[in-house]
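Here's the structure, in structure tokens; my notes come after.
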Amino acid sequence: MQANLFIVSAPSGAGKTSLVRAMMERLGAIAFSVSHTTRAMRPGEQDGIDYHFVDVPTFEVEIAAGAFLEYAKVFENYYGTARTSVEAQLAAGQDVFLDIDWQGARQIRAAWPGVVSIFILPPSRAALESRLRDRGQDSDEIIAKRMRGAVSESAHYDEYDYLIINDDFPSALEELMAIVRAQRLRTSQQALRHADLLERLLEPAG
């Protein structure tokens, strides 16, 4: 079966990760690509599950080796998507979601024309700041920096195929799942999935 590659981007605090995880629990055959990063691990995070945490020299060696489908430097830290893991997941028939920013999304679209891109926005700046503060992980200075970054990130929403406003979580989740389901029902997808049926239906009569 032909698998799909999805990009999902959002400003920090928009609820992107929660939406994607909830969607994966509801729909099968979906893999979430675990990115590499040089940033410090936050409380509660696990290496290999939330991110692959590496140091800067290791990351830069991987850049030189062409190991990343995309990479970017955000808030002084590198983030990147490993090429081999994504290709293996797609080859196994799993749809793959990439959690990347607009810079990485541009790189992926240039290299992978069939990719489906989704942008998620919060309902307001106030809601975004509240979500960032509710994490209880960052200082006022860091939150202010993230808010500035959120405005910059959000300005690129119109580069994406789909836009979801995460005001009501269940509604946003239904919209995200609708995008995945619609992509799976494209004629090119269905033709591969139901090749035997189509062959029988189109066989000349008599």
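The values are calculated or read from the model by the stated rules, or taken from the named source; none is laboratory data. Quantities reported herein were computed from a predicted structural model and do not represent experimental measurements. A quick note on method: Cβ atoms are made from the backbone with ideal geometry, for glycine too, and the neighbour counts reach across all protein chains shown.
Summary of computed values
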item	result
Residue selected from segment 136-159 under the condition in contact with a strand residue (DSSP E or B) (Cβ under 8 Å, 6 or more places away or on another chain) and in contact (Cβ under 8 Å) with a residue 60 or more places away in the chain, by the criterion farthest from A110 (Cα to Cα)	G149
Any hit, segment 51-61, residues being over 16 Å from I108 (Cβ atoms) and at pLDDT below 95	yes
Of all residues in segment 160-187 being among the aliphatic types (A, V, I, L, M), over 26 Å from E129 (Cα atoms) and free of Cβ contacts under 8 Å to residues at least 60 places away in the same chain, the one that is surrounded by the fewest Cβ atoms within 10 Å (Cβ to Cβ)	L185
In segment 27-38, residue nearest to I143 (Cα to Cα) [restricted to those that are at pLDDT below 95 and more than 13 Å from the chain's Cα centre (by Cα)]	L27
Test: L121 is in contact (Cβ under 8 Å) with a residue 12 or more places away in the chain and buried (at least 17 other Cβ atoms within 10 Å of the Cβ)	yes
Complete set of residues in segment 128-145 that are of a type outside the set (S, T, N, Q) and either out of contact with any Gly (no Cβ under 7 Å at 6 or more places or on another chain) or farther than 15 Å from K16 by Cα (or both)	E129, R133, D134, R135, G136, D138, D140, E141, I142, I143, A144, K145
Hey, E129 surrounded by 11 or more Cβ atoms within 10 Å (Cβ to Cβ), among the charged types (D, E, K, R) and within 18 Å of the chain's Cα centre (by Cα) or not	no
